[in-house]
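Take a look at the structure set out below.
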Amino acid sequence: MNEKFKKLKEKVAPFFKSVTIYGIILCSVVAAFFVGVFYNQMTNKNKASKVQVRTIVKSEVNLAIDENNHLIVIEKKTGNYSIYQDSIGKTIFKLYAKNVWGQNNTVSTSTIK
């Protein structure tokens, strides 16, 4: 039985050796793939910023638009201000203008005789 075990070992040993080598190569390729795919996430220290929701009451602030169309919200009490993108400034200005125009453009229903 000892001789049969030695012969079997001699036949199986090269198979396991090649399987081990191919297994190491396969693991290396898979690890390199995942490192390549997730490299940006692993090295990126910036975390996603949370969206800040801020309620602005018209009576507590002054609104201004600078020369670059950035919206500036100035708190009346503290004088602190926040600057917003030009697209936000344009959008709010358009809404405000439509609101003012709509209030001033009331048509009277009186008839002319």
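Which trypsin sites (Lys or Arg not before Pro) in segment 1-102 pass both tests, a DSSP loop state and at most 14 other beta-carbon atoms within 10 Å?
On the way: sites: 4, 6, 7, 9, 11, 17, 45, 47, 50, 54, 58, 76, 77, 90, 94, 98; in loops: 45, 47, 50, 54, 76, 77.
Sites meeting the loop and neighbour criteria: 45, 47, 50, 54, 76, 77.
Treating the beta-carbon of each Lys and Arg as +1 and of each Asp and Glu as -1, no other charges, what is the dipole magnitude of segment 58-103 about its Cα centre, to the nearest 20 debye? Write down the numbers at each step before the final one.
Numbers: 6 positive and 5 negative charges, 48 e Å.
About 240 debye.
How about segment 8-82: which GluC sites (Glu not before Pro) there are in a DSSP loop, with at most 13 other Cβ atoms within 10 Å of their Cβ? Display every interim value, and only then the final one.
Details: sites: 10, 60, 67, 75; in loops: 67.
Of the GluC sites (Glu not before Pro), the ones in loops of segment 8-82 whose Cβ has at most 13 other Cβ atoms within 10 Å are 67.
Name the residue farthest towards the positive end of the dipole of segment 1-44 from the options 41, 5, 27, assuming +1 on Cβ of Lys and Arg, -1 on Cβ of Asp and Glu, about the Cα centre.
5
Would you kindly state how much longer the chain becomes between residue 97 and residue 24 on full extension, computed as 0.36 nm times their sequence separation minus their alpha carbon distance, in nm to one decimal? Mind showing how you got there, number by number?
Numbers: separation 73, 0.36 × 73 = 26.28 nm, distance 6.91 nm.
Taking residue 97 through residue 24 to full extension adds about 19.4 nm, to one decimal.
Please report the orientation-averaged projected area of segment 1-44, defined via the convex hull of its C-alpha atoms, in nm². Before the final figure, lay out each step's value.
Values: hull surface 15.0 nm².
Averaged projected area of segment 1-44's Cα convex hull equals 3.7 nm².
None of the figures in this text is laboratory data; all of them are computed from the coordinates on show. Computed from a predicted structure; not experimentally measured. Every residue, glycine as well, gets a Cβ built from its backbone with ideal geometry; the counts of neighbours run over all protein chains shown.
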